[in-house]
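Where a number appears in this text, it was derived from the coordinates with a stated rule and is not lab data. This is a predicted model, so every value here is computed, not measured. FYI the Cβ positions are ideal-geometry reconstructions off the backbone, even for glycines, and counts take in every protein chain you see.
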Amino acid sequence: MAIILVTGCAGFIGSHLTERLLSDGHQIVGIDNFDPFYDRNVKERNMRSFLENPSFQFFELDLIDGPEMEKHLSAIPIEAIVHLAGKAGVRPSIAAPHSYTKANITATQNILEMMRKRGIRKMAFASSSSVYGNTKEIPFHEKQDVSNPISPYAFTKKACELATYTYHSLYDLDIINMRFFTVFGPRQRPDLAIHKFTKLIINKEEIPMFGDGSSSRDYTYFEDTVNGICGALNYLFEHEKVYEIVNLGNNKPVKLTAMISAIEKATGEKAIIKQLPMQAGDVDITYANIEKAKSMLGYNPQYSFEDGVRNFVEWYKKTALHNSQSR
């Protein structure tokens, strides 16, 4: 079993991954800065199941401060890193691009520098399907040209992929860049569509539908994504001289109108739709070719979109009820 650093361990994917790695017997060092993009209390709840686990050690740190990070981690013999931390969100990145450059590019540079100095060889990095932009070539495959990002968030993720290649080339670091595709399920960030729409539909409030509803997303249930990350870690531990990019999607795009219908069915409520124009930075479709992940990592998504939505709605109702009672 290994000592693994998980950055962004209090977030949606990070908390689920930390639970999984601890259950698999690893020792986990977690970092999170509780970015105010959404409520700190949400992230603290995400960590409740493992915060007191003797195999878990937590540091509240901002990766932008490289020396501070290295000072706290210097005595820990980290063997691999899963770098999930970063500032998320396509639309907010258009309003505040400088903060995304720091939180994503500078932070990743600091992680890579720490790896170089400490001799940490293995990293799985959380990239994004947003790097594909509005390409017409679908499904998206890893050898496509991704030189045309249409949001600051997307260009920061592409820049990080370039940085990981540079450090692989110069310092022989083993790195897998994992391109995530609209991960959803229990603990999903409150700003994302399934979470936001579920809340609005249950509360009988209008939901904003951008465009005509034909835009599609390759929704991937969190357990499938976590399985993909664990597959990437296993591959890194078993191989040398690794530099790879893999799509971790579901290969089954879902239209916006179908997503709303699935939430209606799961909640038993009818949506009140307010149609709005498409927003800058939004892509028409995300659609993952996952053949490389299947052959390389044994990746094989198991959850249907409808089952995932039902699980999310069930979790949301329990969580919302508990939170309202605890106030």
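Annotations
- Pairwise centroid distance, computed over Cα atoms, of segment 44-76 with segment 266-296, Å: 33 Å
- Each listed q (0.07, 0.10 Å⁻¹) maps to a log10 I(q)/I(0) for the chain, found by the Debye formula over equal Cα scatterers with no solvent: -0.27, -0.56.
- Net charge over other residues, Cβ less than 10 angstrom from the Cβ of V131 (K, R count +1; D, E count -1): +2
- Cβ-based net charge around L233, under 12 Å, with every Lys or Arg adding one and every Asp or Glu removing one: -2
- Percent of alpha-carbon pairs separated by more than 13 Å within segment 123-173: 58 percent
- Take 120-129, 292-301, 142-151 and order them by the average number of nearby Cβ atoms within 10 Å per residue, most first; the result is 120-129, 292-301, 142-151.
- Computed on the Cα atoms alone, the convex hull of segment 155-293 gives a volume of 116 cubic angstrom per residue.
- Separation between Cα centres of segment 1-17 and segment 190-215, rounded to whole Å: 29 Å
- Between helix 256-267 and the chain: long-axis angle, C-alpha atoms, 0 to 90°, nearest 10: 80 degrees
- Straight-distance candidates among the lysines for linking to K199, with alpha-carbon spacing under 30 Å and chain neighbours fewer than 8 residues away dropped: K43, K87, K157, K252, K255, K265, K270, K274, K317, K318.
- Cα shape, segment 30-182, gyration tensor, a/c 1.5 rule: oblate
- Against the chain, whose longest principal axis comes from its Cα atoms, helix 222-238 is set at around 20 degrees.
- When +1 charges are put on Lys and Arg Cβ atoms and -1 charges on Asp and Glu Cβ atoms, the dipole computed for segment 27-167 relative to its Cα centre reaches about 240 debye.
- For the chain, the longest principal axis of the Cα atoms and the long axis of helix 107-118 meet at an angle of about 20 degrees.
- Projecting the Cα atoms of I78, N148, V283 onto the charge dipole of the chain (Cβ charges, centred on the Cα centre) puts V283 farthest toward the positive pole.
- Along its principal axes, segment 202-244 has C-alpha extents of 52, 22, 10 angstrom, given from the largest down.
- Simple rule: put +1 on each Lys or Arg Cβ and -1 on each Asp or Glu Cβ in segment 193-253, find the dipole, and look at Y243, I194, M209; the Cα lying farthest toward the positive end is M209.
- Rounded to the nearest 20, the size of the Cβ-charge dipole of the chain about its Cα centre is 560 debye, with Lys and Arg at +1 and Asp and Glu at -1.
- Three-way shape label, segment 18-117, alpha-carbon gyration tensor, a/c 1.5: oblate
- The magnitude of the dipole of segment 206-327, with charges of +1 and -1 set on the Cβ of Lys/Arg and Asp/Glu and taken from the Cα centre, is near 360 debye.
- Segment 230-313: radius of gyration over Cα atoms, expressed as a fraction of 2.2 N^0.38 Å: 1.47
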